[in-house]
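Beneath this line is the structure, given in structure tokens, with notes to follow.
The values are calculated or read from the model by the stated rules, or taken from the named source; none is laboratory data. Treat the numbers as computed from the prediction; the structure is a model and nothing was measured. All Cβ positions, even for glycine, are placed from backbone atoms using ideal geometry, and neighbour counts span all protein chains on display.
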Amino acid sequence: MERTNEEWLSDLRDDNPHQSKAIADLLKYLKRGVIAYLYTRSDLNRLAENELHQMSEDFAQEALLKIRANLDNFQGKSKFTTWAAKIAANHTISELRRAKWRDFSLDAITETGTSLQEILALPTGQGSNPAAESERRQVWEIITEVINTQLTDRQRQALVAVRVENVPISEVARLMDTNPNNIYKLLHDARLKLKRSLLTLDLDPDYILKLFS
């Protein structure tokens, strides 16, 4: 599979007689890198080995299409295979992130009877001081109440999805049928409203940060 950068670029072109061999070699190389990465992901431990291999096959094939479509953008600053592997890695990470939130639902956040205290679980293991733990719990209950009563449904959805569930903003925008800029605006307004409400209750943000740090 040893080729120079120039040979890779030439062999992968549509009019090159060595294209099929070059594609097969590159696909094998990409798949090896992708499967190695998938095995390091603890969140994929539940998948069977054949599922991981099928996933690596799919991701490598899709990455190969991107690589071939961008041959003219290769600047030669690294080995061609290093450049190709980076594209495959970025594609794999992007696809895994997208798959993670594909079936995510925001409905539960504003569903009647759903308590944010169930979603925003109080952090544990922050110390063995009973007084400090009690203070944290009291403050956390106040924060939860403010979020439940002072924020709009959409502000609450955005805040919990992005800041608690760590859903990518692009995915939150898709789920809420809007664009990322509107999500940023919802987050800004939610934080501002939250800060004002807590200050009204004599809870300074710096105090809260120190309490939960």
How many residues of the stretch 166-213 are of a type in the set (S, T, N, Q), over 13 Å from Gln150 (Cβ atoms) and in a helix (DSSP H, G or I)? The answer is 3
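Residue by residue, here is whether (1) touching a Phe, Trp or Tyr at 6+ places or on another chain (Cβ under 7 Å); (2) among the small types (Gly, Ala, Ser); (3) closer than 30 Å to Glu165 by Cα holds:
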| site | (1), (2), (3) |
| --- | --- |
| Asn5 | yes, no, no |
| Leu9 | yes, no, no |
| Tyr39 | no, no, yes |
| Arg68 | no, no, no |
| Ala84 | no, yes, no |
| Ile87 | no, no, yes |
| His91 | yes, no, yes |
Hey, can you tell me all the residues within the stretch 44-76 that are touching a helix residue (DSSP H, G or I) at 6+ places or on another chain (Cβ under 8 Å) and either in a loop (DSSP other than H, G, I, E, B) or loosely packed, with under 12 Cβ neighbours inside 10 Å (or both)? Leu47, Asn70, Phe74, Gly76
Residue under evaluation Ala85, criteria (1) in contact (Cβ under 8 Å) with a residue 24 or more places away in the chain; (2) among the small types (Gly, Ala, Ser); (3) exposed (fewer than 15 other Cβ atoms within 10 Å of the Cβ), criterion not met: (3)
In the list Ser170, Ser128, Ser213, Ser105, which residue meets the criterion of being under 25 Å from Glu95 (Cβ atoms), surrounded by fewer than 18 Cβ atoms within 10 Å (Cβ to Cβ), out of contact with any strand residue (DSSP E or B) (no Cβ under 8 Å at 6 or more places or on another chain) and modelled with pLDDT under 70? Ser105
When residues of the stretch 13-42 are limited to those that are touching a residue at least 40 places away in the same chain (Cβ under 8 Å) and in a helix (DSSP H, G or I), the one surrounded by the fewest Cβ atoms within 10 Å (Cβ to Cβ): Ile23
Take the residues in the stretch 45-81 that are hydroxyl-bearing (Ser, Thr, Tyr) and farther than 15 Å from Asp25 by Cβ; name whichever of them is farthest from the chain's Cα centre (by Cα). Ser78
